[in-house]
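Worksheet: one structure, shown below.
The values are calculated or read from the model by the stated rules, or taken from the named source; none is laboratory data. Please read these numbers as outputs of a predicted model, since none were measured by experiment. Methodologically, a virtual Cβ is constructed for each residue, glycine included, from the backbone with ideal geometry; neighbour enumeration extends over all protein chains shown. Ligands, DNA and RNA are stripped out before the accessible areas are found, and what is left, the full protein with its side chains, is counted by its heavy atoms. Shrake-Rupley method; radii C 1.70, N 1.55, O 1.52, S 1.80 Å.
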Amino acid sequence: MKKILVFLLMTLATGAGAYAGTNPFMGTHEHQVALYMAQGVDSGFLVPPPTRLVPFYMLQMQYSQPTTFFKIPARQSLNFGETVGFGEKYHWDWDKYSIPMIFFSEDLALAYGDCWYFSVGAGVGFQAQQNERIGSKLLFQFKVAAGIRMTDAIAMELYTQHFSNGNTAPENYSYGFYGVGLTYNF
């Protein structure tokens, strides 16, 4: 498992550079910061259905640079997040899962036009403490997003995001979110 984790981190950290003008995430810019806010859902699916909303939220800041993945436009990112829970619902005390996390991710633009994109992404990282919901500090992330660039510097994204331990621990109930993000390119 350590070898796989080191390989994933090295791949994300050393992605091949791409000319920013060809990257649908960033337009003509080389850097991006983003702020994401999301509503939690109680689901174990990779793309969670938005049917069981819970009092669990995600606040996330992201720094990204353009890259490619086998010639597909992409962005590699460093993410800082905080899950925030309030009260009990569906037999879970969501207050216990208010935990900071850090992870590296890469998003691929699978379809895009002049001012829009559809992407999928994956990442790996850590949460500050282990709990019985995830059962591990190690986190794997999956994300599906649709974005629209309002100007050359500003875009908005709608997304769903899934976090789990990838079955590396006995417990694995996962975290699922639906949210909105605002990106700024410079």
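Remarks
- For the range 58-78, the set of residues classified as closer than 10 Å to Val33 by Cα and among the polar types (S, T, N, Q) consists of Gln62, Ser64, Gln65, Ser77, listed by residue number.
- Single match in Glu157, Glu132 (criterion: at pLDDT 95 or above and either charged (D, E, K, R) or on the phi > 0 side of the Ramachandran plot (or both)): Glu157
- Considering the range 156-179, and only residues there that are over 27 Å from Gln130 (Cα atoms) and of a type in the set (A, V, I, L, M, F, W, C), the residue that is most open to solvent (accessible area, probe 1.4 Å) turns out to be Leu158.
- Close pairs from the range 23-34: first modelled with pLDDT of 95 or more, partner basic (Lys, Arg), Cβ under 7 Å, at least 6 apart: Phe25/Arg75; Gln32/Arg75
- Hits in the range 120-155 (condition: open to solvent by 10 Å² or more (accessible area, probe 1.4 Å) and aliphatic (A, V, I, L, M)): Val120, Ala122, Ala128, Leu138, Val144, Ala146, Ile148, Met150, Ala153, Ile154
- Count of the range 148-164 residues which are touching a residue at least 40 places away in the same chain (Cβ under 8 Å), over 14 Å from the mean Cα position of the chain (by Cα) and assigned to a strand (DSSP E or B): 2
- Residue in the range 179-186 that is of a type in the set (Gly, Ala, Ser), in a strand (DSSP E or B) and over 12 Å from Met37 (Cα atoms) present: no
- Near pairs, Cβ below 9 angstrom, 6+ apart or cross-chain, from the range 97-119 (charged (D, E, K, R)) to any residue that is open to solvent by 50 Å² or more (accessible area, probe 1.4 Å) and part of a strand (DSSP E or B): Glu106/Phe69; Glu106/Ala122; Asp107/Ala122
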